[in-house]
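First up is the structure itself, then whatever we jot down about it.
The values are calculated or read from the model by the stated rules, or taken from the named source; none is laboratory data. The structure presented is a predicted model; accordingly, all values stated were derived computationally and were not measured. Virtual Cβ from ideal backbone geometry, glycine too; neighbours counted across all protein chains shown. These area figures cover heavy atoms from the full protein model, side chains too; ligands, DNA and RNA do not enter into them. Shrake-Rupley method; radii C 1.70, N 1.55, O 1.52, S 1.80 Å.
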There are 2 protein chains.
Amino acid sequence: MLLFSIKSILIMIADIYIELKEGVADPEGESTLKALRLLGYKRVKKVSSIKVFRIEIDAKSKEEAEKELREMCERLLANPVIHKYRISWVDGNV
Amino acid sequence: MLLFSIKSILIMIADIYIELKEGVADPEGESTLKALRLLGYKRVKKVSSIKVFRIEIDAKSKEEAEKELREMCERLLANPVIHKYRISWVDGNV
């Protein structure tokens, strides 16, 4: 007797890029730039810092997973006042 | 009278990905995973944190810039004991 049906579940991997919005100060990038120039790399013009979370998630479809990931960004991972985010699927895992 | 020749200088943009090596503890990823699960996202299986530096650099060629970027990673940006790094050129700026 079949008690339950097996649903196809996919494990998907997404990279969530959390970047500062235009015009927001980036002290980490600025101090990295200063340190690089002190080390002699005078040709470096700008450094920006970006945070990436690589997330493995179970879902029935890519759309469903993307919806959930956007919700996570808005509730926890990004601060909408200063950050913008984008979701990028890692190849070979979708 | 021409006192100097103008050399072609390109401004290139590269993303430097600094990731933890396999087996190295990732407390930031782990606490993000815990927080997401507490918020109800039970389908998230793993979270890893990655640091990205977006660097604008002047150089005569891509090869020259890449050599300099590798040196920066080894001297300042990455810790070779726990990190691996990779350089990815940002499209449209090379």
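Taking the label point 7 Å along Cα→Cβ, residue A:21 and its counterparts in the other copies are spaced 4.1 nm apart, in ascending order. For chain A, build the charge dipole from Cβ charges (+1 Lys, Arg; -1 Asp, Glu) around the Cα centre, then report which of A:36, A:53, A:83 sits farthest towards its positive end. Value: A:36. Per residue, the convex hull spanned by the Cα atoms of chain A measures out at 132 cubic angstrom. The helix-only estimate of mean residue ellipticity at 222 nm for chain B, built from DSSP H runs of length n ≥ 4 each weighted as -39500 (n - 2.57), is -7500 deg cm²/dmol after division by the residue total. Among the trypsin sites (Lys or Arg not before Pro) within segment A:18-59, those in coil by DSSP and having at most 15 neighbouring Cβ atoms inside 10 Å are A:21, A:42. Computed from the C-beta positions of residue A:34 and residue A:9, the FRET efficiency with R₀ = 45 Å rounds to 0.40.
Counting only alpha carbon atoms, the long axis of helix B:62-72 and the longest principal axis of chain B meet at about 50°.
Computed about the Cα centre, the dipole magnitude for chain A is approximately 560 debye when only Lys and Arg (+1) and Asp and Glu (-1) carry charge, each at its Cβ. Among the chymotrypsin sites (Phe, Trp or Tyr not before Pro) in segment A:3-86, those located in a DSSP loop and surrounded by at most 11 other Cβ atoms within 10 Å of their own Cβ are A:4. As a fraction of the 1.4 Å probe accessible area of the protein assembly as shown, surface on carbon and sulfur atoms comes out at 55 percent.
Qualifying GluC sites (Glu not before Pro) in segment B:7-94, where qualification requires a DSSP coil assignment and no more than 13 other C-beta atoms within 10 Å, comprise B:22. Put simply, the amide H of residue A:83, placed in the peptide plane, has neighbours under 5 Å in A:21, leaving out anything fewer than 5 places away on its chain.
Binning the C-alpha pair distances of the protein assembly as shown at 10 Å intervals from 0 yields a P(r) profile of 8, 30, 31, 19, 7, 3, 2, 0, 0, 0 %, listed from the shortest bin outward. Over chain A, Cα pairs under 8 Å with separation of 6+ residues give a relative contact order of 48 percent.
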